[in-house]
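Heads up: the structure comes next, in structure tokens.
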Amino acid sequence: DVHKNYTTVSFVNKDGDVLDTRSFSNDIKSLKGLLNRFPEEAFSAVLEAGLNWGLIYDLLESIEQVKEVMLAHPPKVKAIASAKIKTDKIDSKILGQLLRADLIPEVWVPSKEVRTLKDIVRFRAFVVKVKTMIKNRIHDILRKSHINPLDVKDLFGSYGRMWLEEIRLPDKREDMLLRHHLKIHDSLKDMEKGLQKWINREMRDNEDLKLVKTIPGIRDVFGSIIVLEIDDINRFPDPPHLHSYSGLVPSTHSSGNTHYHGRLIKGNRWLRWAFIEGAHTSVRVSPYFRKHCTRVGRKAGSRAASVASARKLATVTYKI
């Protein structure tokens, strides 16, 4: 049972006896010290997916005594072994017993390399999100100062940026606030460009990315997210499983003859974002996707058409 600074571990033998339960600091020395108490044993280990699982997972994989490491799906573990009393020691013992009985609902674990690349791509998406927030704040400053923005397609393009530098707001304090926001925007823009070059360099030889980029509307940004978040397409038996994993399937409530479809289910939010945003471009540039979107839109509306186009994009990605 993994926490930020420490982990509680239970040692369970093949007969189901709990030999020991104790906590250790999240470092390789402490972990090896615990395992050395059973020098002749080989271990299988299980931990739940959470914020801090990667550190302990990598430590366990690096130790020769540990022959197998599994990552458990927390909600499914709770469904199998619900308990009214919940402590770290009880949780670790339950995980040990489930592992012994081969009842662990496993989570897919990407390689360390893929996890690192995902962190880089996600950080770039975070930088873009913050940059958008800064743009919105700049518009808000102009609006409060009763300044109408320059009539250009992109206020932060070359002409718009020159105009922003030249204007002076009536209130010096508001003007100073605008200058600070423009500096932050420029810094984030440079950071975004640098990160994208880094991602392009790291993903240059990725064969899956080359295939995905043949789909209309998918280029480096969304392509990298899709490839890294999916990782191994063979873990999905068919396109509907990929739709579900991506959170592109509506929740369903059925009782008797009544059937109701609600909001989209929870899934991989990065994949959902990439497929939905990528589908907008695909609909614009591809007659195939546009025809599908228009047909669904006539029956169910624009919002349903957007999600349906994202599912179609996910299906094409799966096939390719």
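I'd like the accessible area for Val77: 1.4 Å probe, protein heavy atoms, all chains in place, Å² to the nearest 10.
Probe radius 1.4 Å; accessible area of Val77 about 10 Å².
Ranked from the most accessible area to the least, with a 1.4 Å probe and all protein chains present, what is the order of Arg173, Arg269, Arg311, Arg290?
Arg173, Arg269, Arg290, Arg311
Given Leu55, Ser44, Leu99, which one lies farthest toward the positive end of the charge dipole of the stretch 42-122, if we put +1 on the Cβ of every Lys and Arg and -1 on the Cβ of every Asp and Glu?
Among Leu55, Ser44, Leu99, the one farthest towards the positive end of the dipole of the stretch 42-122 is Leu99.
In angstroms, what radius of gyration and Dmax does the chain have, counting Cα atoms only?
My reading of the Cα-based Rg and Dmax gives 25.4, 79 Å.
Starting from the Cα of Lys89, draw a straight line to each of the aspartates and glutamates and keep only those under 17 Å, dropping any in the same chain fewer than 8 residues away.
The qualifying aspartates and glutamates are Asp1, Asp17, Asp20, Glu48.
Given the options Pro110, His146, Gly157, identify the residue whose Cα lies farthest towards the positive end of the charge dipole of the stretch 76-167 (+1 on Cβ of Lys, Arg; -1 on Cβ of Asp, Glu).
The Cα lying farthest towards the positive end belongs to Pro110.
Which percent of the accessible area of the chain is formed by carbon and sulfur heavy atoms (probe 1.4 angstrom)?
Here it works out to 53 percent.
Cα atoms only: what Rg and Dmax, in Å, come out for the stretch 60-139?
When restricted to Cα atoms, the stretch 60-139 yields Rg and Dmax of 19.6, 59 Å.
With the dipole of the stretch 180-236 worked out from charges on the C-beta (+1 for Lys and Arg, -1 for Asp and Glu) around the Cα centre, which of Ile215, Leu182, Trp198 lies farthest toward the positive end?
Looking along the dipole axis, the top candidate is Leu182.
Given the Cα atoms of the stretch 100-220, and with Rh set as the inverse mean 1/r over their pairs in the Kirkwood sense, what is Rg to Rh to two decimals?
1.18
What is the set of long-range amide H partners of Val12 at a cut-off below 5 Å, with H atoms built 1.01 Å from backbone N?
Distant-sequence amide H within range of Val12: Leu19.
In angstroms, what radius of gyration and Dmax does the stretch 111-152 have, counting Cα atoms only?
16.9, 53
Direction-averaged shadow area of the convex hull around the Cα atoms of the stretch 1-121, nm²?
7.8
What's the percent breakdown of Cα-Cα distances in the stretch 123-178 across 10 Å bins, shortest bin first?
Reading the bins upward from 0: 22, 51, 23, 3.
Go through Thr281, Thr7, Thr294, Thr214 and list them by solvent-accessible area, largest first, probe radius 1.4 Å.
Per-residue accessible area, sorted high to low, gives Thr214, Thr294, Thr281, Thr7.
The values are calculated or read from the model by the stated rules, or taken from the named source; none is laboratory data. If you're wondering where the values come from, they're calculated on a predicted model, not measured in any experiment. Note that each Cβ is placed from the backbone with ideal geometry, even for glycine, and that neighbours are counted across all protein chains shown. All accessible areas refer to the heavy atoms of the entire protein, side chains included, with ligands and DNA or RNA removed. Shrake-Rupley method; radii C 1.70, N 1.55, O 1.52, S 1.80 Å.
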